[in-house]
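Structure record follows, encoded as structure tokens.
The values are calculated or read from the model by the stated rules, or taken from the named source; none is laboratory data. Computed from a predicted structure; not experimentally measured. Heads up, the Cβs are rebuilt from the backbone with ideal geometry, glycines too, and the neighbour counts pull from every protein chain shown. With ligands, DNA and RNA removed, areas are computed over all heavy atoms of the protein, side chains included. Shrake-Rupley method; radii C 1.70, N 1.55, O 1.52, S 1.80 Å.
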Amino acid sequence: MSRRHILTLVITGWAMTSLAQSVVSPSRRYDAFFLEAICERAKGNNDAAFDLLRRCVEIDSTKSEAYYYIAQYYGALKQREKAIACIEKAAALEPANTTYQETLANTYINMRQYDKAAMVLERLYDKHHDRDDVLGILIELYEEQHDYEAAIKTLTKLETMEGKSERLSYAKSNFYTQLGDKKAAIAEMKTLADQYPNDQNYRGLYANTLFVNGQKKKALEIYNDILRIEPDNRNALMALLSYEKTEGNPDQVDALTERVLLCKNITSQDRVLLMRQEIGQSEQDGGDSTRVLNLFRRILEQPQMDADVAILCATYMNLKKMPNDTISGVLEQVLRVAPDNAAARLQLVSYAWQANDMSRIITLCQDARQYNPDEMAFYYYQGIAYYKQEKLDDALNAFQNGIGVINQQSDPDIVSDFYAVMGDILHQKGLEKEAYAAYDSCLQWKDDNYGCLNNYAYYLSERNQQLDKAEQMSYRTIKAEPKNATFLDTYAWILFKQERYAEAKIYIDQTLQCDSDTSAVLLEHAGDIYYHVGDRAQALSYWQQALARASEAPQNGTEDRKQILTRKIKLKKYLKE
């Protein structure tokens with residue numbers, strides 16, 4: 001085949017392809033582009049999808065779905081006007097599509113164009129008379145626009161679907177009141193009350209409407225009749241109390257308040273609200289707590305469904321600085337109703353701590369571990385209480401269990417103290433390696449825990465271990481608290497261990513000046529230091545004072561110390577241990 005013939009065939013093939021493309025219908029081209037756009041959208045390729053959808057609109061502007069999706073992209077791009085135009089176009093092209101109509105209505109609502117939203121939803125309801133949710137939104141829109149007549153008409157449609165109810169009748173009555181149509185407002189609630197003549201709550205709502213619309217005398221007659229039939233009717237009692245507070249005399253108000261507070265049908269929230277009002281009035285009148293406390297007592301004598309009133313009572317007692325044992329009784333009542341109330345239990349722990357009642361603290365914390373297993377404070381206080389009772393194993397167990405609930409949100413001060421006390425316990429048990437690990441953990445949570453720094457440094461010095469580290473830790477404590485005799489003594493003793501005797505003497509002298517009740521250990525340290533600076537007479541005096549003090553206040557290991565002191569005094573020389 002000649003080259004010319006080949007060229008002719010190529011040209012002919014190209015012409016046939018172009019002709020084929022030109023006869024493809026716009027509808028098919030639209031479908032192809034739209035399908036590809038949806039695929040790109042599903043892959044997350046939103047730029048490509050957006051371009052393809054806009055191409056769809058260019059091909060056929062009568063198809064709604066492309067406008068619907070383009071509106072979402074314009075919305076994401078914050079191009080609100082273009083987004084609205086697209087969703088309006090989609091809704092106009094396909095008015096029967098509920099998704100488009102709802103999206104358009106929501107768009108108008110978000111823009112606070114409530115009148116336009118209402119028009120869209122009214123059209124939607126005309127096509128779907130089973131859509132009670134649409135009617136609910138319409139009511140809210142009309143209320144927002146203060147179009148109470150339209151709201152009432154919509155409520156009537158909803159009543160046709162659901163039947164008459166307290167909710168709908170009360171709403172219609174309120175709208176009539178807003179319109180100033182008192183007669184219609186009252187009639188609406190009367191119809192409901194007449195429909196259910198044996199339901200006193202509906203009668204109460206009718207009375208409320210009478211009251212709001214100026215017919216107070218008739219409303220009060222109904223309230224009193226309701227209470228004749230149901231003496232504990234909550235709504236009638238609350239309504240009467242509200243009336244008496246504005247128009248009654250103080251004695252009637254007080255009497256009715258007590259009746260309401262002691263009514264079995266009153267909610268805990270009602271009681272708390274009323275008692276807060278009583279407290280506020282009492283404080284305004286001078287702060288006499290007699291009536292308030294009497295009301296609390298009478299309420300709490302009744303069975304309680306929750307702890308709200310008792311908690312308020314305890315708070316008020318704290319405000320009035322009442323004795324701890326009196327407040328404790330109320331807090332105990334809180335725990336009987338709500339044993340998982342950690343705040344009430346912690347306050348009881350605080351009172352027991354102030355009373356030095358370690359056994360009580362242990363019991364409270366043990367119970368708390370059942371109801372508040374993740375509350376770290378209870379493990380801490382239980383461990384401290386055992387520690388004060390010298391029950392080292394029980395204390396260590398409590399602390400170790402508490403460490404299990406530590407997390408990143410835990411209070412660093414408490415966590416630090418956890419490890420500090422654990423270190424002290426482990427040291428007393430002779431587990432030096434474990435004790436030092438606990439101290440290191442303590443300082444990771446709070447590097448300025450001065451009690452831990454002092455003890456850690458002292459125990460290292462006692463074993464002549466890491467004296468430079470011990471000196472650095474101890475120095476931090478005396479910089480923070482330069483008049484703390486314990487910290488000064490530790491620092492002086494570490495300097496002594498480092499054979500820096502002249503410096504040690506400076507700090508032991510400061511220690512003696514700051515310590516009003518000098519211990520046998522401190523006096524012995526002073527004697528040892530003075531001996532090494534050459535003042536042996538003063539050293540002997542301090543050793544003698546230390547021996548006398550050890551005899552007056554014996555402690556664990558005292559006998560061993562007394563024997564060593566006795567030898568120092570007898571030989572008049574320092575004895576290296």
Subject >> Counted residues, the range 521-535 - those being touching an Asp or Glu at 6+ places or on another chain (Cβ under 9 Å) and either without any contact (Cβ under 8 Å) to a residue 24 or more places away in the chain or open to solvent by 20 Å² or more (accessible area, probe 1.4 Å) (or both) >> reply: 3
**OP:** Please enumerate the residues belonging to the range 21-35 that are modelled with pLDDT under 75 and part of a helix (DSSP H, G or I).
**Re:** 21, 22
Subject >> For residue 555: the one exception among (1) under 20 Å from residue 462 (Cβ atoms); (2) modelled with pLDDT of 80 or more; (3) open to solvent by 60 Å² or more (accessible area, probe 1.4 Å); (4) not in a helix (DSSP H, G or I) >> reply: (2)
Original post:
Does the range 407-414 contain at least one residue that is more than 25 Å from the chain's Cα centre (by Cα) and among the charged types (D, E, K, R)?
Top reply: no
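With the range 55-168 as the region, which helices (runs of 4 or more DSSP H) entirely inside it contain at least 2 residues that are open to solvent by less than 70 Å² (accessible area, probe 1.4 Å) and over 30 Å from residue 44 (Cβ atoms)?
Output list reads 114-127, 132-144, 148-162.
One line per residue, one yes/no per condition, for (1) hydrophobic (A, V, I, L, M, F, W, C); (2) touching a residue at least 40 places away in the same chain (Cβ under 8 Å); (3) closer than 27 Å to residue 461 by Cα:
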{"position": "385", "(1), (2), (3)": "yes, no, no"}
{"position": "391", "(1), (2), (3)": "no, no, yes"}
{"position": "398", "(1), (2), (3)": "yes, no, no"}
{"position": "402", "(1), (2), (3)": "no, no, no"}
{"position": "413", "(1), (2), (3)": "no, no, yes"}
{"position": "435", "(1), (2), (3)": "yes, no, yes"}
{"position": "439", "(1), (2), (3)": "no, no, yes"}
{"position": "442", "(1), (2), (3)": "yes, no, yes"}
**OP:** Can you tell me which residue within the range 350-364, out of those that are part of a loop (DSSP other than H, G, I, E, B) and within 23 Å of residue 397 (Cβ to Cβ), is least open to solvent (accessible area, probe 1.4 Å)?
**Re:** 357
Subject >> Residue count, the range 481-515 (criterion: over 11 Å from residue 526 (Cα atoms), open to solvent by 40 Å² or more (accessible area, probe 1.4 Å) and of a type in the set (A, V, I, L, M, F, W, C)) >> reply: 2
Original post:
Is the range 528-541 home to any residue that is hydroxyl-bearing (Ser, Thr, Tyr) and within 24 Å of residue 435 (Cβ to Cβ)?
Top reply: no
**OP:** Would you mind listing the helices (runs of 4 or more DSSP H) fully within the range 366-483 where at least 3 residues are in contact with a Phe, Trp or Tyr (Cβ under 8 Å, 6 or more places away or on another chain) and over 28 Å from residue 518 (Cα atoms)?
**Re:** 376-388, 392-403, 412-428, 432-445
Original post:
Under the condition of being without any contact (Cβ under 8 Å) to a residue 40 or more places away in the chain and farther than 22 Å from residue 231 by Cβ, which residue from the range 263-277 is most open to solvent (accessible area, probe 1.4 Å)?
Top reply: 276
Original post:
Any chance the range 454-476 includes a residue that's under 36 Å from the mean Cα position of the chain (by Cα) and basic (Lys, Arg)?
Top reply: no
Subject >> Considering residues of the range 175-222 that are hydroxyl-bearing (Ser, Thr, Tyr) and under 20 Å from residue 154 (Cα atoms) only, the residue most open to solvent (accessible area, probe 1.4 Å) >> reply: 191
Subject >> All positions within the range 439-493 that are hydrophobic (A, V, I, L, M, F, W, C) and farther than 30 Å from residue 402 by Cα >> reply: 467, 478, 485, 488, 492, 493
**OP:** Collect the residues in the range 208-240 that are touching a helix residue (DSSP H, G or I) at 6+ places or on another chain (Cβ under 6 Å), over 18 Å from residue 266 (Cβ atoms) and either in contact (Cβ under 8 Å) with a residue 12 or more places away in the chain or not in a helix (DSSP H, G or I) (or both), keeping them in residue-number order.
**Re:** 209, 210, 211, 213, 219, 222
**OP:** Please list, ordered by first then second residue, the pairs with beta carbon atoms under 8 Å, 6 or more apart or interchain, first in the range 104-115 and closer than 11 Å to residue 141 by Cα and aliphatic (A, V, I, L, M), second open to solvent by less than 30 Å² (accessible area, probe 1.4 Å) and not in a helix (DSSP H, G or I).
**Re:** none
**OP:** Confirm whether residue 164 is touching a helix residue (DSSP H, G or I) at 6+ places or on another chain (Cβ under 9 Å) and closer than 30 Å to residue 207 by Cα.
**Re:** yes
Subject >> Residue that is farthest from the chain's Cα centre (by Cα), among those in the range 278-292 that are part of a helix (DSSP H, G or I) and in contact (Cβ under 8 Å) with a residue 12 or more places away in the chain >> reply: 291
